[in-house]
Amino acid sequence: MKTIILAGGFGTRISEETGIIPKPMIEIGNKPILWHIMKIYASYNFNEFFLALGYKADVIKNFFLKYHAINSDFTVDLLNGNIETIKKEKLNWKVNVIDTGLNTMTGGRMKRFQNIITDKTFFLTYGDGVSDIDISNLLKFHQSHGKMATVTAVRPTARFGELNISDDSVESFEEKPQLQKGWINGGFFVFNREFFDLIDNDETLLEREPLERAAQMGELKAYKHEGFWQCMDTKRDHELLQKMYDAKEAPWVIDHSN
């Protein structure tokens, strides 16, 4: 199973960081959030990735081109230029780095892979959200219903405390609880190849006509994920994820590959 990751947007809502690097390259710990997302899939042995690049594509390309040098200890013999690796970080990942255009919309970026990914079924997600989602169960759910597309539905943590009010009396107070009503698009999609035909061109937003048409056709199912999910839209989101990681309380850091 192959995984497309949309990693080409401008990230304007976190412009404090994205003026220098693309949003998927903002670090949590000492690794980009893009790496963390890939690690989620890899922990379930889904190790082949197709990165749909756009804004500051060169930053992501250079990260993977120089990955071993950056993440390994080595000795350089300056007399002859020979390099001996002392300690190498080993990842069994195959990373396909594809520039899908600077101004291409999310659906258009996906469409660019129609002639590249020929498998019947594949994953797709965004380059700015992490979760403790069970990818194997997500795939099993998709295969069980036989429809064209599956979207992971999540209920994120509220940004502010939630008050349950009756006749001006606060019946309950929860500080930043998980939303109890309504589900939102959490990414972590599974698609069948037929979905490509619902995308017109580079200007198509995945979240508009293609997914709306799939829903109208009865071809879109929701995998309800009750666990942890967090996107990184703002500087506050980044600080929250970093704080969780530093405290070793990061639910998305999992490994089921062993």
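The values are calculated or read from the model by the stated rules, or taken from the named source; none is laboratory data. Here the structure is a predicted model, which means the values were calculated and not measured. Note that we place each Cβ from the backbone using ideal geometry, even for glycine, and neighbour counts take in every protein chain shown.
Just a few scattered comments:
- Unmet criterion (only one of (1) closer than 23 Å to Gly129 by Cβ; (2) modelled with pLDDT of 80 or more; (3) surrounded by fewer than 19 Cβ atoms within 10 Å (Cβ to Cβ); (4) not charged (D, E, K, R)) for Tyr223: (3)
- When we screen Asp255, Asp233 for residues that are within 17 Å of Val154 (Cβ to Cβ), acidic (Asp, Glu) and modelled with pLDDT under 95, the only hit is Asp233.
- Single condition Lys248 does not satisfy, out of (1) basic (Lys, Arg); (2) under 29 Å from Met105 (Cβ atoms); (3) without any contact (Cβ under 8 Å) to a residue 40 or more places away in the chain; (4) not in a helix (DSSP H, G or I): (2)
- The combined condition, being part of a loop (DSSP other than H, G, I, E, B), of a type in the set (Gly, Ala, Ser) and either in contact with a strand residue (DSSP E or B) (Cβ under 6 Å, 6 or more places away or on another chain) or modelled with pLDDT of 95 or more (or both), is fulfilled by Gly187.
- Residue count for the range 200-228, restricted to those that are more than 20 Å from Phe141 (Cα to Cα) and among the aliphatic types (A, V, I, L, M): 2
- Test: residue in the range 42-57 that is assigned to a helix (DSSP H, G or I), within 17 Å of Thr125 (Cβ to Cβ), modelled with pLDDT of 95 or more and touching a helix residue (DSSP H, G or I) at 6+ places or on another chain (Cβ under 7 Å): no
- Screening the candidates Phe113, Phe122, Phe63, Phe141 for the property of being crowded, with 19+ Cβ neighbours inside 10 Å and either in a helix (DSSP H, G or I) or touching a helix residue (DSSP H, G or I) at 6+ places or on another chain (Cβ under 6 Å) (or both) yields one hit, Phe63.
- Conditions (1) among the aromatic types (Phe, Trp, Tyr); (2) in a strand (DSSP E or B); (3) within 15 Å of Ile5 (Cβ to Cβ): number failed by Phe74: (3)
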